[in-house]
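All remarks here apply to the structure that follows.
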């Protein structure tokens with residue numbers, strides 16, 4: 001098999017340095033997330049995400065794995081700023097929204113991209129986990145966008161209340177709830193754990 005030789009884009013290497021510094025190590029997920037963010041911003045016409053356009057972008061991520069750190073670093077979007085939304089769907093996918101124009105693109109990295117790795121690397125890597133990761137990193141750095149990603153233009157309905165700032169008190173537990181995260185059961189306003197009757201913790 002003839003390996004396709006391509007150079008890594010300089011802007012990608014620059015952003016990968018920043019991503020790795022935050023994430024802690026270089027892995028396939030950081031490369032995918034970094035490239036996904038760069039492509040996403042390009043597709044929705046965001047060129048200055050941390051400057052003049054820092055309030056113009058919203059990103060939905062569908063995984064809690066490595067790509068999210070990269071997407072956050074590249075775009076400047078954060079959960080705490082309410083411009084990075086986490087959906088626990090277990091997919092290596094993200095949707096990038098230009099809040100000024102409404103333009104939105106969903107980008108997914110299908111698992112089938114792994115089948116293309118050998119097209120972009122030489123067979124000089126070990127067969128253990130580290131070797132496989134190194135092969136994927138090398139390939140994902142240079143693989144064309146159209147082979148690494150599936151990109152769809154989408155429409156995203158953003159609730160107006162999403163940026164409202166107010167607080168309510170749960171009528172059952174008495175705890176404060178921020179930002180339209182309450183639920184109404186009957187005529188009572190409650191936090192989700194009380195209202196839905198489920199929680200990740202219980203009394204110790």
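Looking only at residues that are out of contact with any strand residue (DSSP E or B) (no Cβ under 7 Å at 6 or more places or on another chain) and surrounded by 14 or more Cβ atoms within 10 Å (Cβ to Cβ) in the range 186-204, which one is nearest to residue 114 (Cα to Cα)?
Ranking the qualifying residues of the range 186-204, first place goes to 193.
Has the range 45-52 got any residue that is at pLDDT 95 or above and at positive phi?
Among the residues of the range 45-52, at least one is at pLDDT 95 or above and at positive phi, which makes the answer yes.
Does at least one position in the range 11-25 carry a residue that is assigned to a strand (DSSP E or B) and either farther than 20 Å from residue 147 by Cβ or not assigned by TED's automatic domain parsing to the domain that holds residue 179 (or both)?
Checking the range 11-25: not a single residue is assigned to a strand (DSSP E or B) and either farther than 20 Å from residue 147 by Cβ or not assigned by TED's automatic domain parsing to the domain that holds residue 179 (or both).
Which one of these does residue 77 not meet: (1) at pLDDT 95 or above; (2) within 17 Å of residue 134 (Cβ to Cβ); (3) part of a loop (DSSP other than H, G, I, E, B)?
For residue 77, the failing item is (2).
Within the range 54-65, which residues are in contact (Cβ under 8 Å) with a residue 24 or more places away in the chain and over 24 Å from residue 24 (Cα atoms)?
Answer for the range 54-65, where residues must be in contact (Cβ under 8 Å) with a residue 24 or more places away in the chain and over 24 Å from residue 24 (Cα atoms): 55, 56, 57, 58.
Tell me, which helices (runs of 4 or more DSSP H) lie completely within the range 89-204 with 2 or more residues that are under 18 Å from residue 67 (Cα atoms), touching a residue at least 60 places away in the same chain (Cβ under 8 Å) and in the same structural domain as residue 75 (by TED's automatic domain parsing)?
Correct list: 129-142, 145-148.
Which residues, taken from the range 35-67, are under 17 Å from residue 111 (Cα atoms) and either in a helix (DSSP H, G or I) or not assigned by TED's automatic domain parsing to the domain that holds residue 90 (or both)?
35, 36, 66, 67
Going by what's in this entry, would residue 171 be described as surrounded by 12 or more Cβ atoms within 10 Å (Cβ to Cβ) and either farther than 30 Å from residue 98 by Cα or at pLDDT below 95 (or both)?
Considered against the rule, which asks whether it is surrounded by 12 or more Cβ atoms within 10 Å (Cβ to Cβ) and either farther than 30 Å from residue 98 by Cα or at pLDDT below 95 (or both), residue 171 comes out as yes.
Which condition number in (1) modelled with pLDDT of 95 or more; (2) over 17 Å from residue 30 (Cα atoms); (3) surrounded by 13 or more Cβ atoms within 10 Å (Cβ to Cβ) is the one that residue 108 fails?
Going through the list (1) modelled with pLDDT of 95 or more; (2) over 17 Å from residue 30 (Cα atoms); (3) surrounded by 13 or more Cβ atoms within 10 Å (Cβ to Cβ), residue 108 breaks only (2).
For the range 151-169, check the following and say yes or no: at least one residue is touching a helix residue (DSSP H, G or I) at 6+ places or on another chain (Cβ under 8 Å) and over 30 Å from residue 116 (Cβ atoms).
Within the range 151-169, not a single residue is touching a helix residue (DSSP H, G or I) at 6+ places or on another chain (Cβ under 8 Å) and over 30 Å from residue 116 (Cβ atoms).
Read through the list (1) out of contact with any helix residue (DSSP H, G or I) (no Cβ under 8 Å at 6 or more places or on another chain); (2) crowded, with 22+ Cβ neighbours inside 10 Å, then give the number of the only condition that residue 29 fails.
Result: residue 29 passes all but (1).
The values are calculated or read from the model by the stated rules, or taken from the named source; none is laboratory data. On a predicted model such as this, the values are computed, not experimentally measured, just so you know. All Cβ positions, even for glycine, are placed from backbone atoms using ideal geometry, and neighbour counts span all protein chains on display.
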